[in-house]
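Colleague: Please see the structure below; I have some questions.
The values are calculated or read from the model by the stated rules, or taken from the named source; none is laboratory data. Predicted, not measured: the structure shown is a model, and the values here were computed from it. Here Cβ is always computed from backbone atoms with ideal geometry, including for glycine, and neighbour counts include all displayed protein chains.
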Amino acid sequence: DQKKILLEVNIFNFSRNLYNKKLSVEFLKFIRGEKKFKGISELKNQIKKDILKAKKTS
C-alpha cells in the first residue's frame with residue numbers, strides 16, 4: 001500500500017501555465033511543514049514569511 005506524495009512548488013516571477021506539465025524540482029531547503037490556519041489573514045502572513053525565507057535560500 002503506497003501513499004501518494006504531494007508537493008507544492010512556487011516559482012517566483014513566473015506567470016506561464018504549467019498544469020499537466022512535467023517538471024524537475026531540486027530541493028534546496030525545507031521551509032516548513034503542513035500547518036492549519038485560523039483564517040485567511042494568518043495564511044497570508046505565513047506566505048509572506050515563507051517567501052522571504054525561500055528567497056534567502058536561493
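Colleague: Just checking, how many residues over segment 24-51 are aliphatic (A, V, I, L, M), at pLDDT 90 or above and over 12 Å from the mean Cα position of the chain (by Cα)?
Modeller: Qualifying residue count, segment 24-51: 2.
Colleague: So which residues in segment 32-58 are free of Cβ contacts under 8 Å to residues at least 24 places away in the same chain and in a loop (DSSP other than H, G, I, E, B)?
Modeller: Residues satisfying the conditions are Arg32, Gly33, Glu34, Lys35, Lys36, Phe37, Lys38, Gly39.
Colleague: Exactly one condition in (1) without any contact (Cβ under 8 Å) to a residue 24 or more places away in the chain; (2) surrounded by fewer than 10 Cβ atoms within 10 Å (Cβ to Cβ); (3) under 15 Å from the mean Cα position of the chain (by Cα); (4) not in a helix (DSSP H, G or I) is false for Asn20; which is it?
Modeller: (3)
Colleague: Among (1) surrounded by 10 or more Cβ atoms within 10 Å (Cβ to Cβ); (2) of a type in the set (D, E, K, R); (3) not in a helix (DSSP H, G or I), there is one condition Lys29 misses while meeting the rest; what is its number?
Modeller: Of the numbered conditions (1) surrounded by 10 or more Cβ atoms within 10 Å (Cβ to Cβ); (2) of a type in the set (D, E, K, R); (3) not in a helix (DSSP H, G or I), the odd one out for Lys29 is (1).
Colleague: Still on this structure, please answer the following. Which count do you get for residues in segment 1-17 that are under 13 Å from the mean Cα position of the chain (by Cα) and either basic (Lys, Arg) or under 19 Å from Leu52 (Cα atoms) (or both)? It would help to see each step written out before you state the result.
Modeller: Of segment 1-17, the ones under 13 Å from the mean Cα position of the chain (by Cα) are 6-12.
The next check asks that each one be either basic (Lys, Arg) or under 19 Å from Leu52 (Cα atoms) (or both); those that pass are 8-12.
Of the residues in segment 1-17, 5 are under 13 Å from the mean Cα position of the chain (by Cα) and either basic (Lys, Arg) or under 19 Å from Leu52 (Cα atoms) (or both).
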